[in-house]
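Here is the structure we will look at.
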Amino acid sequence: MVNLKINNIPVTVPEGTTILEAARLAHVEIPTLCYLKDVACVGSCRMCLVEATGARGLVAACVYPVSEGMEVKTNTEKCRKSRKMSLELLLSKHKKECLACERAGNCELQRLSTEYGCDPNHFEGEPLDHPLDESAPYVVRDRDKCINCNRCVAACKKQSVGAIGPIGRGYNVHVGSAFEMSLMESVCVGCGQCIVACPVGALKERTTVDSVWEAIADPEKKVVFFTAPSVRATLGEAFGLPVGTNVEGKMVAAIRRLGNVEVFNMDVTADLTIMEEAYELVSRIKNGETLPMFTSCCPGWVKFVEQKYPDFIPNLSTCKSPQEMFGALLKTYYCEKNGIDPKNLYVVSVIPCTAKKYECTRPEMNGEVDTALTTRELARMIKTAGIKFADLPDEEFDNPFATATGGGAIFGATGGVMEAALRVAAKLLDGNFEVVDFPEVRGTSPIKEATYSVAGVTVRVAVASGLANAAEILDGIKAGTRHYDFVEIMACPGGCVNGGGQPTLPDSVRNNVNLKGLRAKALYSADKENTLRASDESPVMAQVYGEYFGSQGSHKAHEVLHTHYTANKRI
Ligand code: SF4
Ligand code: SF4
Ligand code: SF4
């Protein structure tokens, strides 16, 4: 252990701790911009410069290790002047559109510039006029707002995708894709982890909010919303509620107040996905077909396989994601039942995810979901409509797609799809099977493994979140060092609760709060409180199979609820 003082506060920390980490233990906040816990730590922005005995000049607290007897001062005139100059240099080449920027009020550069009393025009920069990269249907990149902190680059590298990196030299250095390719031409999979890592408004989702407002105002259109399992565990953050607050009832009430719309529960098609996926798994096991089977509900993961590991396409479940199953269910069963022309049904999904914006543009999906809004976009619509979110009463989803099981609820957290599928698959193997909890696949560990035996059948499973961990699993299977029957992969670390469309929280929160754990806890609590735990107990499943699909894996179910994938190898 090492003893030191930070602003005269004694603190004892393990050897190798950085000054920044030690300061947090002493409850001293040091400003940062390029640092992001567990993602990026390069010491390039110079915001965390501090004075420390034994060091020559100012040192970057995020990378400088503590030493015995060290005295650190974080708030001297020298530190403040240095930080202010660094900020004013960043502002000299920053497109200052704060009045209209989506990150205004939630921008780390704006907050620090205000706190340090910066003059945004102190240094005259060169004029900025680079075109936006709007090539992808899920993200917009504005180079003129980028401060070259490289947090997005680190986030993408951590995903083992590496679609973006620093390009150029000196004043011209900027973040982009190899050979200045657009994002859509690059190996990007659309996970949006770069967006939630960005401290400013240089990256944002490609918004479709205006199209939704137009549809709501169109008397010819019937507008239906459905919300993904994890959105209820995060939307409250956009309205100042604590991380991990389940706001399902207020979320439904808020959407209903946007106009003449119906609000459905996407946990219902999470249940439907499980009904089909569990049946597919058991069929593959019984018929000796391709194993391991991979989940297919995450479009970022599916794109990763298509582009980087196309040999594994036969391993992907043919089930559509819950988003696309809902679109298909609404444009077929629901329209037929209610005499609605599918052309007049405008389907809006609310998702934690930017990859799902891309997914609904895939040709195989036939435009069944008209548009997908991120949690952030929904929050903006609620604010624009002047709805006082915190004061809303709790309201229920609309029938016939209101009731779902706990298995549907946990879809939003890593391990949730696996657990929900095991609940149903085990019953398909052994009609008397009663276990509903599979704790071995819960939690935020990057890779989880377990082996279960049901009715004489052994099922080896693995769960991974984050694409670098997915790659480790795929490489292991290829090399013959890993052996599984069923694998769940979510592109985002921690699963959809930590998706690229979730509320952007400042580094002061991200560095100190267990976002993934707290948000997941809200979903597991909902599961525990639900009297229906396994997807096959849902009355809505009984209804849609009874009235429309017949049975799991039927011809009709395949026609409406399943899809195919296409190899698209990219380097
Ligand atoms: S969306 Fe994901 S894959 Fe694409 S650049 Fe961002 S982090 Fe990389
Ligand atoms: S796009 Fe955002 S995260 Fe990436 S380097 Fe620029 S400011 Fe940093
Ligand atoms: S883990 Fe969830 S939020 Fe992330 S890309 Fe996959 S589906 Fe989207």
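The values are calculated or read from the model by the stated rules, or taken from the named source; none is laboratory data. The structure displayed is predicted, hence computed values, not measured ones. Cβ: placed from backbone, ideal geometry, glycine included. Neighbour counts: every protein chain shown.
Scan the range 331-367 for residues that are polar (S, T, N, Q) and within 15 Å of ligand 3 (Cβ to nearest atom) and jot them down. Answer for the range 331-367, where residues must be polar (S, T, N, Q) and within 15 Å of ligand 3 (Cβ to nearest atom): S349, T354, T361. Close contacts from the range 27-51, counting a first residue that is under 15 Å from C194 (Cα atoms) and a second that is of a type in the set (D, E, K, R) and in a loop (DSSP other than H, G, I, E, B), with Cβ to Cβ under 9 Å and a gap of 6+ residues or different chains, come to L33/R46; C34/R46.
Of the residues making up the range 103-143, those that are of a type in the set (D, E) and more than 10 Å from ligand 2 (Cβ to nearest atom) are E115, D119, E124, E126, D129, D133, E134. Residues of the range 479-508 that are touching a helix residue (DSSP H, G or I) at 6+ places or on another chain (Cβ under 8 Å), outside any loop (DSSP other than H, G, I, E, B) and surrounded by fewer than 22 Cβ atoms within 10 Å (Cβ to Cβ): D507 alone. If you go through the range 120-138 and keep only what is within 16 Å of ligand 3 (Cβ to nearest atom) and either in contact with a helix residue (DSSP H, G or I) (Cβ under 6 Å, 6 or more places away or on another chain) or in the same structural domain as A470 (by TED's automatic domain parsing) (or both), you end up with P137, Y138. Among the residues of this structure, V189 does not count as one that is hydrophobic (A, V, I, L, M, F, W, C) and either modelled with pLDDT under 95 or more than 10 Å from ligand 1 (Cβ to nearest atom) (or both).
In the range 217-243, what residues are away from ligand 3 (no atom under 15 Å from the Cβ), of a type in the set (G, A, S) and either surrounded by fewer than 21 Cβ atoms within 10 Å (Cβ to Cβ) or in a loop (DSSP other than H, G, I, E, B) (or both)? Matches in the range 217-243: A217, G240. Just a yes or no: is a residue in the range 513-521 assigned to a loop (DSSP other than H, G, I, E, B) and at pLDDT 95 or above? No - not one qualifying residue is present in the range 513-521. Restricting the range 336-361 to residues that are among the basic types (K, R) and farther than 23 Å from V497 by Cα leaves a set whose member that is surrounded by the most Cβ atoms within 10 Å (Cβ to Cβ) is K337.
Name every residue in the range 1-25 that is of a type in the set (A, V, I, L, M, F, W, C) and either within 11 Å of A61 (Cβ to Cβ) or buried (at least 19 other Cβ atoms within 10 Å of the Cβ) (or both), in order of residue number. Once the filter is applied, which keeps residues that are of a type in the set (A, V, I, L, M, F, W, C) and either within 11 Å of A61 (Cβ to Cβ) or buried (at least 19 other Cβ atoms within 10 Å of the Cβ) (or both), the range 1-25 yields L4, I6, V11, V13, I19, L20, A22, A23.
Against the numbered list (1) crowded, with 18+ Cβ neighbours inside 10 Å; (2) among the β-branched types (V, I, T); (3) in contact (Cβ under 8 Å) with a residue 40 or more places away in the chain, V63 comes up short only at (1).
Is it true that I473 is within 14 Å of ligand 3 (Cβ to nearest atom), touching a residue at least 12 places away in the same chain (Cβ under 8 Å) and aliphatic (A, V, I, L, M)? So I473 does not fit the description; no.
The listed residues are E277, E306, and the only one of them that is of a type in the set (D, E), surrounded by 24 or more Cβ atoms within 10 Å (Cβ to Cβ) and either at pLDDT below 95 or within 16 Å of ligand 3 (Cβ to nearest atom) (or both) turns out to be E277. Scanning the range 336-367 for residues that are closer than 14 Å to P299 by Cβ and not hydrophobic (A, V, I, L, M, F, W, C) gives S349, P352, T354, K356, K357, Y358, E359, T361, R362, P363, E364. If the condition is being over 18 Å from F294 (Cβ atoms), in the same structural domain as F294 (by TED's automatic domain parsing) and not in a helix (DSSP H, G or I), then the range 553-570 contributes only S554. The C-beta contact set for the range 554-571 (first residue in contact (Cβ under 8 Å) with a residue 24 or more places away in the chain and farther than 15 Å from C319 by Cβ, second residue outside any helix (DSSP H, G or I) and not acidic (D, E), distance under 7 angstrom, 6+ apart or interchain) comprises R570/V187.
All of G165, G190 fail the test of being within 22 Å of the chain's Cα centre (by Cα), of a type outside the set (K, R) and surrounded by fewer than 15 Cβ atoms within 10 Å (Cβ to Cβ), apart from G165. None of I387, I340 is away from ligand 2 (no atom under 16 Å from the Cβ), farther than 25 Å from G408 by Cα and touching a strand residue (DSSP E or B) at 6+ places or on another chain (Cβ under 7 Å) except I340.
Do the conditions hold for A163, that is, is it closer than 23 Å to S44 by Cβ and either without any contact (Cβ under 8 Å) to a residue 24 or more places away in the chain or within 16 Å of ligand 3 (Cβ to nearest atom) (or both)? In short, yes.
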